[in-house]
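Engineer: Have a look at the structure that comes next, please.
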Amino acid sequence: MISQNISVDEIDKQIISIIQKDPTITHTDIAKRVDRSQPTIGLRIRKLEEAGLINFQAGLNLRVADVMIAQVKITTNNPEKILDKTKECPFMLNAFRLSGEDNIIILIANSTIKHLDQIVNEHFRRDPDVLKVKMDIITNVMKDFVLPLDINMEDCNCLLGIDI
Ligand SMILES: [Zn+2]
């Protein structure tokens, strides 16, 4: 269920669960908890990392960070092109392909609503392949939501000419 690419057994699931709760835990402590040897734990963790299933990545917790985030729903004839654009702009945190009429959701972040609006205007509202755009500001994040994010928010052409 977790991955079709590698087989994950009960011990792996326990290891994943332990690491998620405490990413700094040592292999020795995990070994004690799941009743396996320390080298076994090391091998299993390496296997899970190589498969891309677990990832030790620090980031900014958007639940507490002083940053505005918005959800942008887009209807487009050319989802591949729109998804490609999101890779170029540092203010776009992630993008999701949807099955419905609105076929893409993008999460964007910046310091003000004005900037968020400008980002959406420049990248999407002016794009002839975009049929519909709806931006909603996320007002509350219930659980920790940690994403790697450049706090300095390097510039993108979308904010040219707007005062920062
Ligand atoms: Zn941009």
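Laboratory data are not the source of any read-out in this text; all were calculated from the coordinates shown. Just so it is clear, the model here is predicted, and its values are computed rather than measured. All Cβ positions, glycine included, derive from the backbone under ideal geometry; neighbour counts span all protein chains shown.
Engineer: Put a dot 7 Å past each Cα toward the Cβ at V146 and E88; how far apart are the dots in nm?
Structural biologist: 3.3
Engineer: If I take every Cα pair under 8 Å that is 6 or more residues apart in the chain, average their sequence separation and divide by the length, what percent do I get for the relative contact order?
Structural biologist: Working: 203 pairs, mean separation 41.3, N = 164.
After rounding, I find 25 percent.
Engineer: Then there's this: Can you sort K134, K143 so the residue with the fewest Cβ neighbours within 10 Å comes first? Walk me through the numbers before you get to the answer.
Structural biologist: Working: K134 12, K143 7.
The order, fewest Cβ neighbours first, is K143, K134.
Engineer: Straight distance only, please: which aspartates and glutamates reach the Cα of K132 with their own Cα at less than 17 Å, same-chain residues fewer than 8 apart left out?
Structural biologist: Qualifying aspartates and glutamates at Cα under 17 Å: E80, E101, D102, D117, E122.
Engineer: Oh, and also: Given a Förster distance of 22 Å, report the FRET efficiency between V64 and D35 from their Cβ-Cβ distance, rounded to the nearest 0.05.
Structural biologist: Details: r = 36 Å, r/R0 = 1.65.
For R0 = 22 Å, the calculated efficiency reads 0.05.
Engineer: Beyond 23 Å, what share of the Cα-Cα pairs of the chain remains, rounded to the nearest whole percent? Present the calculation step by step, with values, prior to reporting the outcome.
Structural biologist: Details: 7094 of 13366 pairs.
Result: 53 percent of Cα pairs exceed 23 Å.
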